[in-house]
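Worksheet for the structure shown next.
The values are calculated or read from the model by the stated rules, or taken from the named source; none is laboratory data. Owing to the predicted nature of the structure, the values given are computational and were not obtained by experimental measurement. Counting neighbours? That spans all protein chains shown, and the Cβs are built from the backbone with ideal geometry, glycine included. Calculation scope for accessible area: heavy atoms of the full protein, side chains included, ligands and nucleic acids excluded. Shrake-Rupley method; radii C 1.70, N 1.55, O 1.52, S 1.80 Å.
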Amino acid sequence: MRKLVPYKTTRNALAALDNGGRFYNLLTKSADGEIAPAELAKVAGVYSDQQQMFLFLEMALAALPEDGATTVVSALSPELKKARRRHRPAMLSPAAAVTTGKPGKSLIVTGVPRYVQSNTDFVGFIMIPISTGKVTTFSMVPIMDAYDVYEVRDDASDANFLVAHARTKTKLPAHRTTFGGILKKLEKSKAKTSAHHGYLDALFYTPQSD
């Protein structure tokens, strides 16, 4: 999961996004007034994953005033504008994510994360691929064996939504945070405090100031 710092000004956003792409993108020019797919992919840190590209874009523009964000979006190439309509992430409260989130879709949620420390607090399983030669099978493993898991609280309703990311030594503090990722399904779940049917596989996060 990558920490994302939103752009503070429209000028900085355009300068960062209209970047010419990677060295092998010979037909893409920097500062030409149009943001091409290769340019957005470069700054988002991906190559072709459009869900991740537009998760990055929406979170990166979140601190701009509405007219500033509109200016940046207007600079997207026609191809990117069309793709944005298809892949723009939903922005939901944790409570709404629990009830209306759709697996496979990109999603942005904001709340206070509480680290789930043990399987006694929460039991949930995910399917992981295992490749043997040319054959790929799937095995069900506890989500906490592969991820750091957090319950993100909805201040308005006290509802909790699961957010997970690859395990690290450093855990997130219990401060208001925005997460962007892909909603995925739990194969089985049992929680003491709430029922969970899915979780956000978080790719980006932005700590929110008090």
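Computed values, structure above
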| read-out | value |
| --- | --- |
| Longest segment of the chain lacking chymotrypsin sites (Phe, Trp or Tyr not before Pro) that sit in a DSSP loop with at most 10 other Cβ atoms within 10 Å | 25-210 |
| Proximal aspartates and glutamates relative to residue 29, as straight alpha-carbon distance under 18 Å, when same-chain residues fewer than 8 apart are discounted | 18, 39, 79 |
| Protein-only accessible surface order, largest first, of 70, 206 at 1.4 Å | 70, 206 |
| Loop sites in region 1-89: trypsin sites (Lys or Arg not before Pro), DSSP, at most 16 other Cβ within 10 Å | 8, 22, 29 |
| Per residue solvent-accessible surface (Å²) - the chain, probe of 1.4 Å | 55 Å² |
| For region 125-191: Kirkwood Rh in Å [reciprocal of mean 1/r, alpha carbons] | 14.1 Å |
| Calculated SAXS-style log₁₀ I(q)/I(0) at q = 0.15, 0.25, 0.28 Å⁻¹ - region 1-44, Debye, Cα scatterers | -0.37, -0.85, -0.97 |
| In degrees, nearest ten, helix 50-60 long axis to first principal axis of the chain (Cα) | 80 degrees |
| Rounded to the nearest 10 Å², the accessible area of residue 140 at probe 1.4 Å | 80 Å² |
| Within a Gaussian network of the chain (alpha carbon springs, distance under 10 Å), most fluctuating of 94, 173, 103 | 173 |
| Of all DSSP beta bridges in the chain, antiparallel share, percent nearest 5 | 85 percent |
| Proportion of all alpha-carbon pairs of region 15-72 beyond 13 Å (%) | 59 percent |
| Entries in 102/185; 42/102; 8/105 that, when Cα-Cα distance is taken, lie over 18 Å | 42/102; 8/105 |
| Gyration tensor (alpha-carbon) shape descriptor, region 76-164, a/c threshold 1.5 | oblate |
| Simple label model, 7 Å out from Cα along Cβ direction - residue 99 to residue 9, nm | 4.3 nm |
| In nm, spacing of pseudo-spin labels at residue 32 and residue 131 (7 Å Cα→C-beta vector) | 3.5 nm |
| Quotient of C-alpha Rg and 2.2 N^0.38 Å, computed over the chain | 1.10 |
| Inter-label distance, nm, simple model (7 Å from Cα along the C-beta direction), residue 81/residue 140 | 4.7 nm |
| Radius, Kirkwood style, for region 67-118 when every pair of distinct Cα atoms is counted (Å) | 13.5 Å |
